[in-house]
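Report on one structure; see the data block that follows.
Please treat every number below as a calculation from the coordinates, not as lab data. Keep in mind that this is a model prediction, so the values were computed, not measured. No Cβ is skipped: glycine too gets one built from the backbone with ideal geometry, and neighbour counts run over all protein chains shown.
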């Protein structure tokens, strides 16, 4: 019965739109993929390859609305994620975050397994291999932080993570690897990929050294290895550190840059779905300087002004309306700056932390008014400033959900979250098992070696 994941993947691979000519079933004894270019082309369907998670954007405390019309418009799975339900999916339903990730992992495994034996130059083979390893690492890091416990050094070796599939096989044991094993594989894949990558991408959907370093920085941040998190943030910023000055775009002319000309985005990954606008929670909205912060005045808008909106009182995050290409969840220059700032704060370097924050914020605040520098009397206060800035910078993209998970290990950062949904009050305590998503019942029924998370 160990077929569910791979049956879906096989069908997906055979129907992968821009790759179909590479994977159609050939006559008997004919090789499907023969050249390095054949393998690399499997990663050039950006509309599918860029897609990442979806449901964490509903679970974080930075998004959502109390308005009944918005709540009743949510599909069941999204509503379950919003209320941290015991299960997001029934026994017959597909979890698209799980399914899409493993579908892509199958493709990356196919490349890793076969490209070095294909026809082509060593450089062509190495670049294709490196691309696949970076993409695979990104998917496994997302999966383990959705369906595995938050990394904790004392328990990671025994905490169940996710099935760790490294070969393109259709049958196999799907026992969950430990959180530690998944993290080790992610780090290994990225380190193995880096020597074969160019410093900067030739197209924003393709991996490069700058994005591989950035993903490693994110990984080490979640491991609470702040020395390495800052090291790799620095290595990424040494290659690309340009920030957009939002003052250029504050009037709507010129248009906000899309992915192909946005220097902040180091590797384009997007939420697999994204509403035209998404409501900000009251708490998140109130964190902004509503007069001077251009992230508020340009990238959010009153719900009542949105066409066909399901919320009219709440404020909507509508950056996707400006760019038409969804919510970015890949590594970026602002993320590297804020990771470095967090690491400096944790090391007690208050002045360095504030310098990084103020330099970022000056690119976000309206220069028609004098900018007032942030200040902090202690390292803990500086750290709170960093976390608040992450919430503003990455609102409604799922980042906050992952921050809530990891910051539960820091006293005074994550309290109990309360929501009213369709007249019922829901709470999420800092120590709740609901900070880890349940694995879809369908997958467990068909593959009983996959154990469920405690609920």
Residues listed by number, segment 114-133, amide nitrogen under 12 Å from residue 34 label point at 7 Å toward C-beta: 119-120
Sites residue 297 and residue 72, calculated FRET efficiency, Cβ-Cβ separation with R0 45 Å, nearest 0.05: 0.90
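Using 0.36 nm times the number of residues separating residue 157 and residue 410, minus their current alpha carbon distance, what extension gain do you get?
So the extension gain works out to 89.0 nm.
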Inter-label distance, nm, simple model (7 Å from Cα along the C-beta direction), residue 166/residue 313: 5.3 nm
Contour minus Cα-Cα distance for residue 359 and residue 424 (0.36 nm per residue): 19.1 nm
Volume in Å³ per residue [convex hull over Cα atoms, computed for segment 199-314]: 154 Å³
Nearest-ten-degree value, helix 4-14 long axis tilted from longest Cα axis of the chain: 80 degrees
Segment 78-120 residues near the modelled residue 433 label - backbone nitrogen below 20 Å, point 7 Å along Cα→Cβ: 80-91
Degrees, to the nearest 10: 379-393 long Cα axis against longest axis of the chain: 70 degrees
Between helix 96-114 and the chain: long-axis angle, C-alpha atoms, 0 to 90°, nearest 10: 50 degrees
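Contour minus end-to-end for residue 192 and residue 255, with contour as 0.36 nm per residue of separation and end-to-end as the Cα-Cα distance? Can you show the working numbers first?
Working: separation 63, 0.36 × 63 = 22.68 nm, distance 3.86 nm.
Roughly 18.8 nm would be gained on extension.
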Label zone at residue 282, where the point sits 7 Å out along the Cα-to-Cβ direction: segment 408-440 residues whose backbone N lies under 17 Å: 416-428
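Take every Cα-Cα pair in segment 60-123 and report what % of them are more than 16 Å apart.
The calculated P(r) of segment 60-123 puts 65 percent of pairs beyond 16 Å.
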